[in-house]
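Colleague: Before anything else, here's the structure in question.
The values are calculated or read from the model by the stated rules, or taken from the named source; none is laboratory data. No experiment lies behind these values; they were computed from the predicted model shown. Cβ placement follows ideal geometry from the backbone for every residue including glycine, while neighbour counts extend to all protein chains displayed.
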Amino acid sequence: PKEIFLKDYKLPDYYFDTVDLKFSLGEEKTIVSSKIAVFPRIDGSTSPLVLVGQDLKLLSIKVNNKELKEGDYHLDARRLTLVSPPSGAFTLEIDNEIYPHKNTSLEGLYKSSGNFCTQCEAEGFRKITYYQDRPDIMAKYTCRIEADKSLYPVLLSNGNLIEQGDLEGGKHYVLWEDPFKKPCYLFALVGGQLESRDDTFTTRSGRKVSLRIWTPAQDLPKTAHAMYSLKAAMKWDEDVFGLEYDLDLFNIVAVPDFNMGAMENKSLNIFNSKLVLASPETATDADYAAILGVIGHEYFHNWTGNRVTCRDWFQLSLKEGLTVFRDQEFSSDMGSRTVKRIADVSRLRNFQYPQDAGPMAHPVRPHSYIKMDNFYTVTVYEKGAEVVRMYKTLLGSQGFRKGMDLYFQRHDGQAVTCEDFFAAMRDANGADFCNFLLWYSQAGTPSVKVISSYNADAHTFSLKFSQDVPPTPGQPVKEPMFIPVAVGLLDSSGKEMPLTSVYHNGALQSLASNGGPVYSTVLRVTKREEEFVLSDINERPIPSLLRNFSAPIRLETDLTDSDLFFLLAHDSDEFNRWEAGQVLARKLMLSLVSDFQQSKPLVLNQKFVHGLRSMLCDSSLDKEFISKAITLPGEGEIMDMMDIADPDAVHAVRTFIRKQLAQELKTELLSTIESNRSSDEYVFDHPSMARRALKNIALAYLAALEDPELTELALCEYRNATNMTEQFAALAAIAQNPGQNRDDVLADFYKKWQHDFLVVNKWFALQAMSDVPGNVENVRKLLNHPAFDLRNPNKVYSLVGGFCGSPVNFHSKDGSGYKFLGELVVQLDKINPQVASRMVSAFSRWRRYDETRQKLAKAQLEMIMSTNGLSENVFEIASKSLA
Ligand code: HT7
Ligand code: ZN
């Protein structure tokens, strides 16, 4: 397979002005006709025009109305080359056939539950017709669709519906016109038996926009929350960024078979049903929150992605990092800002840090790829969002908004690069961003150490930073980065201390703002070693560092345990309050892991128990914050901090601490459950979600004790629950412990919900993630369950993804977990390479484990690599993992 490099980017030789598409949808085949107005980039040039196409049957090709003969063009499995096009502008017409009913890859045009739909990002348009399938080719499209009227009454594409009518033979047609230029990855088509929930939104300039959410008729009642989310997102983008919707119609279609979460096609978003359909009885609070976030995300792409798009796929984070940042901010404004930040940072630590430390580590803007699909990663998305957040941390809200305004002013209608975004932020503010661009080009998580010292005579407090960016594949040596570190100081009573000035680089800089003192400041750490000295500090302070997680780094401080307990109790930066508890928990877990490995008895630190008890009983705190504060770091996060990851030891220790905590805090946990029951109807708002979150975590702790009375309590909660959030939490609490109760309640849940595929997926995931010994056999059995289907990505993510994400059984020392995944990847790759390559990623950190496990995992990767006909997707991940 061929590797593509950012450094090889060249402007296209030809541009497309208009593209008129015609689809004749059929059961056995679909005919696609395209008519493209082509013009050369350089007047008079007649260099060959290369179009890409995959799994297509070419029927005819015409230039300026004249059919081309063999010899005028070359055709191979992936390319159609016009040898010498006319000089100047010309019209190109191509007819080809495609076979959507056979398309199990779910890219291009395919069928999902009998309906036609498309997925073109990143490079799926080439599976529809021959084209210059690259995002810097932006054109205006029309799309005519013809199909059987009774089978496909609804026919949708981008833009405005400008014509429709009946045809002979029970067929009908529609004609759509999109007035905005777009790259082909934003093209979409949907055809099928769907009904819509309709609503309207009036933009602040008075445009009345029709909103339609399309699903099969029986699912319509479950689209109310999605519609609420869409309207909230439209309003938020106007309020916060001054960005309005630009057409009269916005469609969302929910489909059950979809490789990712959703797709932002211009005015025709296509969504995985999981991220549209919700009712209190069938969806959890987490599902409701995910729907809000993803509906927002895809809507926000209309400006950050569609109106201003990427020049090439290496720039993916330009739209994804920025849009993730925007959706994070939207969700923060709709719920609790601190809790959202905690959730986002946990995700970064649990998934992105391991990626950044493994064989697939790549910069936010990758330098090369074999298959672009493999680079829709937590690095491009989540670390990319952190990079955008750092601009805001450095510039403040107003400065950031100025930068955004300038970005749109300069680049509306263009395909641009990450430097263009950087330049807009810099120029709008006259800012000095020094070597900030390294965040786009250097992979790896920077490690930063801070040593603090207080000088009582001089009343100064010094912070000495040193930083190191670890080597990553292809980048053995790194430059120091520009790291914004937000800092505040607490006095001995826990109050914030005023910050007046800082001495740095031989100069004293005032920190006062508008004449008054500040209580938090952002230090600009840019060198390998650097000191900042804060003045007028009248007592030894406790520093609160990296407030609100101001940079995506690993921070090591010289804070003592008692400093951390103090911050846990007093920090006014709520994120850092939580963080102090997590640092303590990580230290505790690592030290108990070491005890476990040396067969020493495990003993839980009483100060830690006391710290969590105080949080649990503090009625002034937000309940969702408490639920996060009493949750231990995940097993992956702890393994990531070990020289040799030991899943059994980490699991044993985490289980031990959970049980100890449950025992010691039993009274408080029981009263938490009592006082957080509610008979009210389900409401999706922050106080209700927070109440449920706290009650559910208390139940999970207590059920871990395997005490019959507490199991009965969980069973009672399960039976009496009136919403899925509480029902599923009770089910999960009971299912922690093997035995008859677990079997009965799992069987009962399936019986209740077998008609609802989204709920059944939760049932698959819960069993797949279980740490009951030898769970691989259970998972193998579930592969043959009538409700399972390897062709549906959601089911694979639930069952196979769930299994691989749970360390004890996947990393079982007998290799049974690895063998299961190896065999499955080979089978799945023939059906859906994108999904197979996501699954094979579970092997990528095999070198982190002991020798026995390494050998077993490596053997599976080698077996995969030796398979005939392996996709480029899986090849790229497996080969890089072995390299
Ligand atoms: N921009 C979308 C990307 C996407 C995608 C990429 C590769 C293969 C399938 C895909 N489906 C959707 C999603 C987003 O908004 O980030
Ligand atoms: Zn996106």
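Colleague: Quick check on this structure: which one of S688, S678, S671 is among the hydroxyl-bearing types (S, T, Y) and modelled with pLDDT under 95?
Modeller: Residue meeting the stated conditions: S678.
Colleague: Give the stretch 10-51 a look and list any residue that's in contact with a strand residue (DSSP E or B) (Cβ under 6 Å, 6 or more places away or on another chain) and aliphatic (A, V, I, L, M), or say none.
Modeller: Result: V19, L21, L25, I31, V32, I36, A37, V38, L49, V50, L51.
Colleague: Run S150 past the list (1) part of a loop (DSSP other than H, G, I, E, B); (2) in contact with a Phe, Trp or Tyr (Cβ under 9 Å, 6 or more places away or on another chain) and report the number of the one that doesn't hold.
Modeller: Evaluating S150 over (1) part of a loop (DSSP other than H, G, I, E, B); (2) in contact with a Phe, Trp or Tyr (Cβ under 9 Å, 6 or more places away or on another chain) leaves (2) as the failure.
Colleague: I would also like to ask the following. Cβ-Cβ under 7 Å, sequence separation 6+ or interchain: first residue in the stretch 866-878 and not assigned by TED's automatic domain parsing to the domain that holds K2, partner small (G, A, S) and assigned to a loop (DSSP other than H, G, I, E, B). Which pairs?
Modeller: Pairs found: I877/S844.
Colleague: Related question: Would you check which residues across the stretch 289-311 are more than 10 Å from ligand 1 (Cβ to nearest atom), out of contact with any strand residue (DSSP E or B) (no Cβ under 8 Å at 6 or more places or on another chain) and not hydrophobic (A, V, I, L, M, F, W, C) and list them?
Modeller: Passing the criteria: G293, G296, N302, T304.
Colleague: Only one residue in A690, A645 is under 28 Å from the mean Cα position of the chain (by Cα), surrounded by 19 or more Cβ atoms within 10 Å (Cβ to Cβ), small (G, A, S) and assigned to a loop (DSSP other than H, G, I, E, B), so which one is that?
Modeller: Every option except A645 fails the conditions.
Colleague: Would you mind listing the helices (runs of 4 or more DSSP H) fully within the stretch 751-823 where at least 2 residues are of a type in the set (G, A, S) and either crowded, with 19+ Cβ neighbours inside 10 Å or under 27 Å from the mean Cα position of the chain (by Cα) (or both)?
Modeller: The helices (runs of 4 or more DSSP H) meeting that bar are 757-768.
Colleague: Being under 20 Å from A424 (Cα atoms), part of a helix (DSSP H, G or I) and away from ligand 2 (no atom under 11 Å from the Cβ) is the requirement here; does Q315 meet it?
Modeller: yes
Colleague: Please find, among I252, I213, the residue that is within 16 Å of ligand 1 (Cβ to nearest atom) and either part of a helix (DSSP H, G or I) or closer than 30 Å to K127 by Cα (or both).
Modeller: I252
For every residue, the table says whether it meets (1) surrounded by fewer than 24 Cβ atoms within 10 Å (Cβ to Cβ); (2) of a type in the set (F, W, Y); (3) in a helix (DSSP H, G or I); (4) out of contact with any Ser or Thr (no Cβ under 7 Å at 6 or more places or on another chain).
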| residue | (1), (2), (3), (4) |
| --- | --- |
| F258 | yes, yes, no, yes |
| P280 | yes, no, no, yes |
| D287 | yes, no, yes, yes |
| R326 | no, no, yes, no |
| G358 | yes, no, no, no |
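Colleague: So which residues in the stretch 474-498 are outside any strand (DSSP E or B), over 28 Å from K880 (Cβ atoms) and touching a strand residue (DSSP E or B) at 6+ places or on another chain (Cβ under 6 Å), if there are any at all?
Modeller: M497 - this is the single residue of the stretch 474-498 that is outside any strand (DSSP E or B), over 28 Å from K880 (Cβ atoms) and touching a strand residue (DSSP E or B) at 6+ places or on another chain (Cβ under 6 Å).
Colleague: When V380 is evaluated against the numbered criteria (1) in the same structural domain as H504 (by TED's automatic domain parsing); (2) hydrophobic (A, V, I, L, M, F, W, C); (3) within 16 Å of ligand 1 (Cβ to nearest atom), which criterion, by number, is the only one it fails?
Modeller: (1)
Colleague: Take F314 and tell me if it is within 16 Å of ligand 1 (Cβ to nearest atom), out of contact with any Asp or Glu (no Cβ under 8 Å at 6 or more places or on another chain), at pLDDT 95 or above and not charged (D, E, K, R).
Modeller: yes
Colleague: Could you tell me whether any residue of the stretch 241-248 is charged (D, E, K, R), more than 22 Å from the chain's Cα centre (by Cα) and under 25 Å from Q119 (Cα atoms)?
Modeller: yes
Colleague: Report the residue count in the stretch 117-130 for those that are among the hydrophobic types (A, V, I, L, M, F, W, C) and in contact with a helix residue (DSSP H, G or I) (Cβ under 6 Å, 6 or more places away or on another chain).
Modeller: Counting residues in the stretch 117-130 that are among the hydrophobic types (A, V, I, L, M, F, W, C) and in contact with a helix residue (DSSP H, G or I) (Cβ under 6 Å, 6 or more places away or on another chain) gives 3.
Colleague: Would you check if S47 is assigned to a loop (DSSP other than H, G, I, E, B), among the small types (G, A, S), surrounded by fewer than 18 Cβ atoms within 10 Å (Cβ to Cβ) and modelled with pLDDT of 95 or more?
Modeller: Criteria met by S47.
Colleague: Against the condition within 16 Å of ligand 1 (Cβ to nearest atom), of a type in the set (V, I, T) and surrounded by 18 or more Cβ atoms within 10 Å (Cβ to Cβ), how does V416 come out, does it pass?
Modeller: no
Colleague: Tell me, which residue of the stretch 593-613 that is touching a Phe, Trp or Tyr at 6+ places or on another chain (Cβ under 9 Å) and in contact (Cβ under 8 Å) with a residue 40 or more places away in the chain is farthest from A580 (Cα to Cα)?
Modeller: In this case the residue turns out to be F596.
Colleague: Next question. Checking L275 against (1) more than 16 Å from ligand 1 (Cβ to nearest atom); (2) under 26 Å from the mean Cα position of the chain (by Cα): exactly one of these is not met. Which one?
Modeller: Unmet for L275, out of (1) more than 16 Å from ligand 1 (Cβ to nearest atom); (2) under 26 Å from the mean Cα position of the chain (by Cα): (1).
Colleague: Suppose we filter the stretch 50-59 for residues that are surrounded by fewer than 20 Cβ atoms within 10 Å (Cβ to Cβ) and not in a strand (DSSP E or B); how many remain?
Modeller: 2
Colleague: Considering each of A254, A343, A262 in turn, give the residue that is within 18 Å of Y228 (Cα to Cα) and away from ligand 2 (no atom under 12 Å from the Cβ).
Modeller: A254
Colleague: Tell me which of these N306 doesn't satisfy, since it passes every other one: (1) part of a helix (DSSP H, G or I); (2) over 30 Å from P473 (Cβ atoms); (3) of a type outside the set (D, E); (4) within 16 Å of ligand 2 (Cβ to nearest atom).
Modeller: Evaluating N306 over (1) part of a helix (DSSP H, G or I); (2) over 30 Å from P473 (Cβ atoms); (3) of a type outside the set (D, E); (4) within 16 Å of ligand 2 (Cβ to nearest atom) leaves (1) as the failure.
Colleague: Run Y391 past the list (1) within 19 Å of the chain's Cα centre (by Cα); (2) more than 16 Å from ligand 1 (Cβ to nearest atom) and report the number of the one that doesn't hold.
Modeller: Answer for Y391: the failing condition is (1).
Colleague: Being in contact (Cβ under 8 Å) with a residue 40 or more places away in the chain, under 26 Å from P470 (Cα atoms) and not assigned by TED's automatic domain parsing to the domain that holds D457 is the requirement here; does T526 meet it?
Modeller: no
Colleague: Among the candidates S520, S562, S501, which residue alone is touching a residue at least 24 places away in the same chain (Cβ under 8 Å) and under 30 Å from S620 (Cβ atoms)?
Modeller: The conditions single out S520.
Colleague: From the list D178, D219, pick out the single residue that is part of a strand (DSSP E or B) and more than 25 Å from the chain's Cα centre (by Cα).
Modeller: So the residue among D178, D219 that is part of a strand (DSSP E or B) and more than 25 Å from the chain's Cα centre (by Cα) is D178.
Colleague: How about the stretch 669-685: which of its residues are within 28 Å of the chain's Cα centre (by Cα) and surrounded by fewer than 15 Cβ atoms within 10 Å (Cβ to Cβ)?
Modeller: Once the filter is applied, which keeps residues that are within 28 Å of the chain's Cα centre (by Cα) and surrounded by fewer than 15 Cβ atoms within 10 Å (Cβ to Cβ), the stretch 669-685 yields V683, D685.
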